[in-house]
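> Below is one structure. I have some questions about it.
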Amino acid sequence: MTACDPRTYDHVLVMCSGGKDSVAALLEVLERGVDPERIELWHHGVDGRGEPFMDWPSTRPYVDALGASLGLPVYHSWRDGGFLAEMLRDNAPTAPVRYETPYGERGAGGRGAKGTRLRFPQVSADLRVRWCSAALKIDVADRAICGQDRFLDRRTLVVTGERAEESPGRARYAAFEPHRTDTRAGTRRRRHVDHWRPVHAMTEAETWRALQRRRITPAIPYRLGFGRLSCMTCIFGGADEFATIRHIAPDWFGRLAAYESRFGCTIKRGIGLHALADRGSVFPTALARPDLVAVALSDQMITSVITEHWEMPDGAFRRGGGPV
Ligand code: SF4
């Protein structure tokens with residue numbers, strides 16, 4: 001495909017986890033001169049609207065504040081019951097998807113084939129076994145696009161923040177291609193949807209510089225020492241991450257470890273969460289800054305993400321497990 005000109009689209013949907021790469025992708029959209037009236041931030045809530053189980057409670061308020069600070073609308077979407085309900089699926093269909101639109105909340109799905117999971121997603125490049133990304137983000141976005149007639153007979157650009165440097169799997173992604181929901185060649189319900197990964201060729205240093213240029217403070221977990229967002233207890237987390245989570249959120253950690261025992265199947269093949277955490281060290285900032293820990297674990301509103309005193313967070317350039 002030819003290079004992407006994001007200014008030519010009617011709708012530019014930026015999928016924003018709150019992680020630095022998706023924020024850098026958004027900033028690239030703005031720097032390319034796209035009319036802000038056409039830009040929407042879409043955030044997929046991994047835990048749905050239920051109790052936090054995987055995601056940082058502060059992520060949703062961070063994305064809301066990012067939208068408010070830049071004058072952009074934020075639309076949330078999620079699968080009913082989130083990660084936990086999907087993991088506990090036992091001879092049942094996957095739950096419906098809910099999504100916010102300019103005209104109110106809508107729902108889709110929930111009548112598919114019955115199936116059983118009863119285990120954590122497995123660390124793999126195969127999205128059938130690493131089911132969390134597919135079930136809780138990719139499919140949620142697809143249903144929200146397909147369910148809204150405002151995208152019919154229009155040109156829509158979906159923007160995501162994968163970088164080639166992150167993993168061999170991500171290096172193989174195209175920087176620009178038709179999106180899965182594209183039906184431009186169809187005869188009914190035609191929609192032109194492209195997928196652009198504007199930070200695909202960027203280094204991590206370049207993404208941090210993008211945030212620094214716009215004085216956007218990184219999400220709080222980075223300041224505690226975590227190198228990646230979104231989920232706090234991401235299956236890709238390493239020993240130090242899980243040692244830190246066990247220290248700052250012991251009940252939360254205990255719930256995950258209990259599910260490992262119940263399923264007879266650990267998140268990481270060959271080692272349970274407690275043994276993994278035993279091998280790691282708690283991030284120094286998480287030990288020294290209980291105030292920051294409390295903010296990271298809170299779902300309280302954040303008023304602004306713009307800061308006059310931008311600092312590189314402790315989690316920058318940290319290799320603590322990542323996509324494959
Ligand atoms: S952040 Fe990790 S656990 Fe959460 S959906 Fe993505 S891969 Fe799964």
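> Could you please tell me which pairs satisfy a Cβ distance under 8 Å, a separation of 6+ or placement on different chains, a first residue in segment 293-312 that is closer than 21 Å to Arg214 by Cα, and a second residue that is open to solvent by 90 Å² or more (accessible area, probe 1.4 Å)?
Listed by first residue and then by second, the contacts come to Ile306/Arg215; Thr307/Arg215; Glu308/Arg215; Trp310/Arg215.
> Still on this model: Against the conditions (1) of a type outside the set (Phe, Trp, Tyr); (2) modelled with pLDDT of 95 or more; (3) over 21 Å from the mean Cα position of the chain (by Cα), where does Gly270 fall short? Just the number, please.
The failed condition is (2).
Rundown of residues vs (1) within 16 Å of the ligand (Cβ to nearest atom); (2) more than 14 Å from the chain's Cα centre (by Cα); (3) at positive phi, yes/no style:
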| residue | (1), (2), (3) |
| --- | --- |
| Arg32 | no, yes, no |
| Leu41 | no, no, no |
| Met54 | yes, no, no |
| Ser58 | yes, no, no |
| Leu70 | no, yes, no |
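> Follow-up. Which ones in segment 116-137 are within 10 Å of the ligand (Cβ to nearest atom), farther than 24 Å from Val14 by Cα and either part of a helix (DSSP H, G or I) or open to solvent by 30 Å² or more (accessible area, probe 1.4 Å) (or both)?
Val123
Residue by residue, here is whether (1) at pLDDT 95 or above; (2) touching a Leu at 6+ places or on another chain (Cβ under 8 Å) holds:
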site: Asp194; (1), (2): yes, yes
site: Thr203; (1), (2): yes, no
site: Gly225; (1), (2): yes, no
site: Phe236; (1), (2): no, no
site: Ile245; (1), (2): yes, no
site: Arg255; (1), (2): yes, no
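> OK, next. Can you tell me which residue within segment 175-229, out of those that are more than 20 Å from Val29 (Cα to Cα) and outside any loop (DSSP other than H, G, I, E, B), is most open to solvent (accessible area, probe 1.4 Å)?
Arg223
> Go through (1) part of a helix (DSSP H, G or I); (2) more than 13 Å from the ligand (Cβ to nearest atom); (3) open to solvent by 10 Å² or more (accessible area, probe 1.4 Å) and name the single condition Arg89 misses.
(1)
> Using beta carbons and a limit of 6 Å, which pairs, at least six apart or on different chains, have the first residue in segment 53-74 and open to solvent by less than 10 Å² (accessible area, probe 1.4 Å) and assigned to a loop (DSSP other than H, G, I, E, B) and the second one within 16 Å of the ligand (Cβ to nearest atom) and polar (S, T, N, Q)?
Pairs that qualify, where the first residue is open to solvent by less than 10 Å² (accessible area, probe 1.4 Å) and assigned to a loop (DSSP other than H, G, I, E, B) and the partner is within 16 Å of the ligand (Cβ to nearest atom) and polar (S, T, N, Q), are Met54/Thr233.
> While we're on this one: In segment 219-238, what count of residues is obtained for those that are on the phi < 0 side of the Ramachandran plot and either away from the ligand (no atom under 16 Å from the Cβ) or touching a Ser or Thr at 6+ places or on another chain (Cβ under 7 Å) (or both)?
6
> While we're on this one: Does Val140 meet the test of being in contact with a strand residue (DSSP E or B) (Cβ under 7 Å, 6 or more places away or on another chain), more than 26 Å from Val12 (Cβ to Cβ), in contact (Cβ under 8 Å) with a residue 60 or more places away in the chain and not in a strand (DSSP E or B)? Quick ask: steps written out before the conclusion?
Numbers: in contact with a strand residue (DSSP E or B) (Cβ under 7 Å, 6 or more places away or on another chain): yes; more than 26 Å from Val12 (Cβ to Cβ): no; in contact (Cβ under 8 Å) with a residue 60 or more places away in the chain: yes; not in a strand (DSSP E or B): yes.
No; evaluated as a whole, the condition is false for this residue.
> On to the next question. Look at Asp21 and say whether it is within 13 Å of the ligand (Cβ to nearest atom) and part of a helix (DSSP H, G or I).
Values: within 13 Å of the ligand (Cβ to nearest atom): yes; part of a helix (DSSP H, G or I): yes.
Yes: the conditions hold for Asp21.
> Continuing with the same structure: If I ask for residues that are among the aliphatic types (A, V, I, L, M) and outside any loop (DSSP other than H, G, I, E, B), which ones from segment 143-158 would you list?
Our first condition is that a residue be among the aliphatic types (A, V, I, L, M); within segment 143-158, this holds for 144-145, 152, 157-158.
Answer for segment 143-158, where residues must be among the aliphatic types (A, V, I, L, M) and outside any loop (DSSP other than H, G, I, E, B): Ala144, Ile145, Leu157, Val158.
The values are calculated or read from the model by the stated rules, or taken from the named source; none is laboratory data. This structure is a prediction, so every number in the text was calculated from the model and none was measured. Every residue, glycine among them, receives a Cβ derived from its backbone with ideal geometry; neighbour counts consider all protein chains shown. When the accessible area is computed, the model is the full protein with side chains, heavy atoms only, and any ligands, DNA or RNA have been set aside. Shrake-Rupley method; radii C 1.70, N 1.55, O 1.52, S 1.80 Å.
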